[in-house]
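To start, the structure itself, in structure tokens.
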Amino acid sequence: MAHLEVKGLTFAYAGSAEPALRNVSLEVRPGELAVLCGATGSGKTTLLRLIKRELAPGGVMTGDILLDGVPLHKLDPRQAAAAVGLVMQDPESQLATDTVEHELAFGMENLGLPRGEMRRRLAELAGFFGLEPLLGKPLEELSGGRKQAVNLAAVLLCQPRLLLLDEPLAQLDPLAARELAGLIRRLNEERGVTVLLCEHRLDELMPAADRVILLEAGAVAFNGPPAEFVRAVWRAGDPGRLMFLPAATAWALRRFGDMALADPPLDVKAVRRMYLAEGAAGPADGGRRGAGGSPRRVAERGAEEARVRRPKEPLLTAQGVFFAYSRDEPAVIRGLDWTLGRGEFVALLGANGSGKSTLLQLLAGLRRPQRGDVRLAGVPVHRLPAGTRTARIGYLAQNPLLHFVHETVRDELVHAAAFTGAADPEEEAVRLARRFDLEPLLERHPHDLSGGERQRAALAIAVAGRPDVLLLDEPTKGLDPFAKAKLADELRRLNGEGMTLVVATHDVEFAEAHASRCALLFQGEIAADEPAETFFRGNFFYVSPLHRLADGREDESRRCGPGGGSERGTAAGPDGGTDGAAADGRPKAGAGVAGAARAGLRNVLAHFRRVPAHLWMIPAAVAYAALGVMAFRRGASLLAGFAMVFLALVPFYARYERKMRGARELALVAVLAALASVGRVPFALILPNFTPVTFIVMVTGVVFGAEAGFIAGSMSALVSNFFLGQGPWTPWQMFAWGMAGYTAGLLAHRGAFWRRRAPLAALGLVWGFLYGWILNASIAIDQWAQTKSWANVLAVYAAGLPFDATHAAANVFFLALFGPAWIRLLERYRNKYSVPVDDRALAARN
Amino acid sequence: MDAFGFRSLHPAVLLVYYAGGMTFGMLFFHPAVLLAGLAANAAVHAAVDGGRELRKWLKFLLPGVLLLAAVNPLLVRQGATVWFYIGSLSITKEAVVYGVTLAAAVLHMMLFAVSYRVVFSGEKFLHLFARWAPNAALVTMMAIGLVPRMRRRLAELALVQQTRGVTVSSGPLRARAASGLKLVWSLAGWSLEDALRTADSMRARGYGTGPRSSYRHFRPRLRDGLSGILLAAAAAAMLWCWIKGYGLLRVYPRLPDPAPDAGDWIALALYAGFVAFPLLWEWRDRAAWRILR
């Protein structure tokens, strides 16, 4: 296991005078678990990316990064990629492929490992991670926690000497986070994997850490063992640093002062031992108020509790609500009754998949219950017009990105204000921006904001109409402690102004610190609904770490820690590989004729394997061409057409395979191809044939060049037919859409003229018809073969005209109205990530 | 599932079967040959999955095929033997026979497409093309993984963006179409942003450091070799038949006796045998189960 040394590292991003890292020196010894903490923008991610050479950002760097004494840049690319593994924050976007097995194999394939070795490694690790039963599953069916476990396993399969983890738990719910944290601990403790981890949630990992490194403004502010870290932070008393202490430790320090400082307890168990030894009163009463929340909460509590007890005027009520996603699925919400009073701050708790999000969407009127109704001040919400409903009931989804529709934050706010009926939307937008601290971000693209900023922007949109009720779905997910505190302040302010808040959350500490009432959703009904005080007293699982101290119960998270051995012995040894071993030591039975035949066959196959695969395409294509010509002359029209279109595809793909493509290029083409096949979904309701596929393909060609246009277009056909059904029509569609993208790309790079609205729309018109004509060609060729009459060929085309006209109309509509906006969108990504446009297009431009 | 019967064969052999079956299904043009092929194809469907997938698809496929058979005689004036008149429209026997044969050929292709769906998993497709066209195969795999994710996201967007006045379920047609594209636009921005993180994760796992190897694993076995040889021999024989003109019915200008002659019989036997080839392995493995029970 590796030894990482960073020596005097200073780094400034390209085009920035201010260095992001200043003279950083640190060292991680073999087998250590090192925790890197620091506020957002302190340079944690920059440091990790510099250590992960493949992802190193552009800029000026001085100093050295050594792995086992060898400078990182001296390693050969393959070694470097394998030696340092990285798992990032978002579980979903790190997945490159379609099934668990492919994802796990992906990294090993990239490293060119032989098949037997891959299978051996995979067999072993899948056992350790308990992923074996999931291997054949589509990744989409996995929960967030499982997806992140797959990411971790996929990285470990490359056998890294050093594992970098960049906030791997941030996007997970607490239960999944604890599970994954346990896995990381086990890897470090049992397998001796060297880990450098940055994370905000340290309750589970701090006790296992060997070293804590604190970064502040790009410089190392502390580097040492956790106990010393606790002492240093506590003595300095800086609230910005106190946030990094585990909740239990902070409580113990407040409670016991210097006694705890001598040997700081890092987990709940240690804290409990301490106060049992002390014979102190548990934190059930004193602890919660004094230590759990901030001091000011104590004063506020009293007043708040008085308010809670007063009966509220009911504002939003749900009566006998039943909701199921489809007829054959069990109902998610089952006869739920719930009343929210004006001015309350309610936390909605519940397990994963208990329907919290669904309930919020029902309350917001976004979904309609099959039975029962939701009323806002007595009026059923589905009767309210959409604008009024949005103005009166604010809704903030779990993912703030879902709210953004426009190209700048300003546009978002102006449109939100206009939609909710503001008299002067511009003015209102400025007011919102000021209030939510968005003024400097007004001209930015919403996707370019940081997590906390996105959240604030989405919140500003949600409250644009000054709603009576605001429903928030997991608003604290993925936020660092600072952003969380800021959000909490914001919510308290809104609540203080009289807005009713409902927060669906997993974050028990957040609920405990801020909510006036807590409700538990279970089996589609509200199982408990009480003032926060009494609610937490009655719970066993839905309690913050501090409450676990109260009754001297075992902290359940510990049970899956080291030595909690149910999963332990599952990792198979090196001889555990099943198929790899069998492949070699096989020939026993039937060694006679069959054996000889098998051996001969293997030799023949091995011989053919030496010929580069794509060369086989040439004789195959020539033979098929000859057959096609003969078929045409003999009137076998179907085959003639098929051979023709098949051959037309060959040169494009042969060209595409000339060289290995960059990861970004592949990822972008994959997204665009998937987009074209998903993009038809919303239009199925409107008009058949009125789909944006051709439009998307053409825009792709315009921005990314002719070749990318062809590949994205033909891939859209291929990929969507994997879901809709492959058939003899597939190659025709592949060719037609491919050519639409190709011509658009070719013309666009002739000159700026073809990027303009009108010429593009005209091209779209042409392709609306051409697409149909290419697809009709198979029948048209047959008519020609039968009758040699152009009139019949024309008749075939005439029959398709209504469909082609709709298609053409869709293209014109989309290109004329949205072409430029889409081109801007794609260009943004092309420039942001400097994806190469294919060389032919470049040559044409120069 | 994939360990027994026709499905257990190596993807390359399966490709030979489907390419050969479809090619010769398009080359032979004789009602008898094609009907025999159709019957064999239906038997394969019955053996492979009890015809479940076929029943599901037939209701979509059949109308188009029937339409094709019906429209051809209305459109085509060729042929010497007038059968009857519809108004002043003469319907020739030749055009009817041609239309029916063409419809049979098209239906035949579609049956292949349906059984391909059952037998030829995406996995096998990728295994074959990962060698021939590695870039395209990788993009395909990535896109297939993205489609369900993006569908889910699109549904989420459609739900939440109601609060922004974007909806496809109400309002004038123009506004709904515009809303639809706005949803797709939001999805595009989101997914492209994600794509770059995906690319980072790919490079972090060593993509681009050199030629890739392939984890996918289909070891050629004896039965693959035998099947390959058998299918290739049958294909060669069929090609010979076709060049000799067997299995071809010259419908125009005057319909000859449609009864197959000796040459047509050979073509028919070869082709029906070729199409029915999967039954061999289906029955062989089913017998193994019976014996072992």
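Spin-label model, A:ALA423/A:ASP337: points 7 Å from Cα along the beta carbon direction are separated by 4.3 nm.
Suppose R0 equals 25 Å. What FRET efficiency, 1/(1 + (r/R0)^6) with r the Cβ-Cβ distance, do A:THR388 and A:THR408 give to the nearest 0.05?
Values: r = 26 Å, r/R0 = 1.05.
Efficiency at R0 = 25 Å is approximately 0.45.
Past the 55 angstrom mark, what percentage of all C-alpha to C-alpha distances in chain A do you count? Result for the distance tail: 20 percent. Fully extending the segment from A:LEU175 to A:ARG431, taken as 0.36 nm per residue of separation minus the present Cα-Cα distance, adds 88.2 nm.
Residue-normalised convex hull volume from the C-alpha trace of the stretch B:12-144: 145 Å³ per residue. Simple spin-label estimate for B:ALA236 and B:LEU35 gives 3.3 nm between the two label positions (7 Å along the Cα-to-Cβ direction from each Cα).
Subtracting the Cα-Cα distance of A:ALA485 and A:GLU189 from their residue separation scaled by 0.36 nm leaves 103.2 nm. An oblate overall shape is assigned to chain B, the ratio a/c of its alpha-carbon gyration tensor axes (a ≥ b ≥ c) being 1.5 or greater and a/b not exceeding b/c. For chain A, leaving out every one of the GluC sites (Glu not before Pro) that falls in a DSSP loop and has at most 12 other Cβ atoms within 10 Å, the longest unbroken run is A:1-442. Using a Förster radius of 25 Å, what is the FRET efficiency between A:TRP773 and A:LEU647 based on their Cβ-Cβ separation? Nearest 0.05, please. Result of the calculation: an efficiency of 0.85. Helical content of chain A, expressed as a calculated mean residue ellipticity at 222 nm, amounts to -16000 deg cm²/dmol (DSSP H runs of 4 or more residues, -39,500 (n - 2.57) each, divided by residue number, nearest 500).
Find how much the distance from A:ALA594 to A:LYS137 grows on full extension, using 0.36 nm per residue of separation minus their present alpha carbon separation; answer in nm with one decimal. Mind dumping the intermediate values first?
Numbers: separation 457, 0.36 × 457 = 164.52 nm, distance 3.61 nm.
So the extension gain works out to 160.9 nm.
A prolate overall shape is assigned to the stretch A:694-753, the ratio a/c of its alpha-carbon gyration tensor axes (a ≥ b ≥ c) being 1.5 or greater and a/b exceeding b/c. Compared with the rule-of-thumb size 2.2 N^0.38 Å for a compact globular protein, the stretch A:369-519 has a Cα radius of gyration ratio of 1.03. Partner aspartates and glutamates whose Cα lies under 14 Å from the Cα of A:LYS44, excluding those fewer than 8 positions away in the same chain, are identified as A:ASP166, A:GLU167, A:GLU199, A:GLU216, A:ASP480. Normalised Debye scattering of the stretch A:42-114 at q = 0.16 Å⁻¹ gives log10 I(q)/I(0) of -0.71, counting only Cα atoms as equal scatterers and leaving out solvent.
With the cut-off at 1.5 for a/c, could you classify the stretch A:643-795 from its C-alpha gyration tensor as rounded, prolate or oblate? Taking the square roots of the gyration eigenvalues as a ≥ b ≥ c, the stretch A:643-795 is rounded. Where does helix A:593-609 land angle-wise versus the long Cα axis of chain A, in degrees 0 to 90, nearest 10? Taking Cα atoms only, the helix is inclined about 90 degrees.
List the aspartates and glutamates whose alpha-carbon lies under 14 Å from that of A:LYS659, not counting same-chain residues fewer than 8 positions away? Correct list for A:LYS659: A:GLU707, A:ASP838, A:ASP839. Measuring from a point 7 Å past the Cα of A:PHE322 along Cα-to-C-beta, which residues in the stretch A:358-381 have an amide N at less than 14 Å? Hits in the stretch A:358-381 for A:PHE322 at 14 Å: A:369-373. What is the angle, in °, between the Cα long axis of helix A:100-110 and the longest principal axis of the Cα atoms in chain A? Nearest 10 is fine, range 0 to 90. On a 0 to 90 degree scale, this one is about 70.
For chain A, the antiparallel share of DSSP beta bridges with both residues in that region comes to about 55%.
Taking B:LEU181, B:LEU249, B:LEU58 in turn, the Gaussian network model of chain B (Cα-Cα springs below 10 Å) assigns the largest fluctuation to B:LEU181. What distance in nm separates the two pseudo spin-label positions at A:ILE686 and A:LEU66, each 7 Å out from Cα along the beta-carbon direction? That separation, rounded to one decimal, is 6.3 nm.
None of the figures in this text is laboratory data; all of them are computed from the coordinates on show. Keep in mind that this is a model prediction, so the values were computed, not measured. Neighbour counts run over all protein chains shown; Cβ positions are idealised from the backbone, glycine included.
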